[in-house]
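Throughout, read-outs are computed from the coordinates displayed, never taken from laboratory work. Just so we're clear, the structure is a prediction, and the values are computed from it rather than from any experiment. Cβ sites come from the backbone with ideal geometry, for glycine too, and all protein chains shown count toward neighbours.
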Amino acid sequence: MAVAKRNHGRVSLDGPIPLQRLPEGRWARLVGAVPHNVSQRLLDLGFVPGTRLKIVRRAPLGDPIEIEIRGSRMCFRRSQLRGFRVVLEEEHRS
């Protein structure tokens, strides 16, 4: 399995990466099993494998994170998103 790696301050996006490391504005799909600590509310909002999402922006200190998922924008704490992994979609898709 490929992982996110740091190269000279940049993150390599080869394979699944933690959701918190997704670059702002890039679309990705949730992959893998749902983390065991996920609340039913996040599942109801669409945080299930295969769902497309993007990070719209982060607060100045990195918390909270605004995410667009299923046509809605919502803010989440980093701790709420822990354990989710995503795979980037091709950049030409918007």
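Hey, can you rank 66-73, 14-21 by average C-beta count inside 10 Å, highest first? Don't skip to the end; give the middle numbers.
Working: 66-73: 13.0, 14-21: 17.1.
Ranked from most to least packed, the peptides come out as 14-21, 66-73.
Please get the size of the charge dipole for region 5-88, origin at its Cα centre, with Cβ charges of +1 on Lys and Arg and -1 on Asp and Glu, quoted in debye to the nearest 20. Please report the intermediate quantities before stating the final value.
On the way: 17 positive and 6 negative charges, 38 e Å.
That gives region 5-88 a dipole magnitude of about 180 debye.
Sum up the charges of everything whose Cβ sits under 12 Å from the Cβ of ARG85, counting Lys and Arg as +1 and Asp and Glu as -1, but leave ARG85 out. Display every interim value, and only then the final one.
Details: positive: ARG21, ARG29, ARG82; negative: none.
Around ARG85, the charge tally is +3.
Based on a Kirkwood Rh over C-alpha pairs, give the Stokes-Einstein translational diffusion coefficient of region 5-88 at 20 °C and viscosity 1.002 mPa s in µm²/s. Write out the running numbers ahead of the final one.
Details: Rh = 13.0 Å.
The estimated diffusion coefficient comes to 165 µm²/s.
Quick one: net charge of GLY25's neighbours, Cβ under 9 Å, K/R +1, D/E -1?
Working: positive: ARG26, LYS54, ARG57; negative: GLU24.
Within the 9 Å Cβ shell, the charges total +2.
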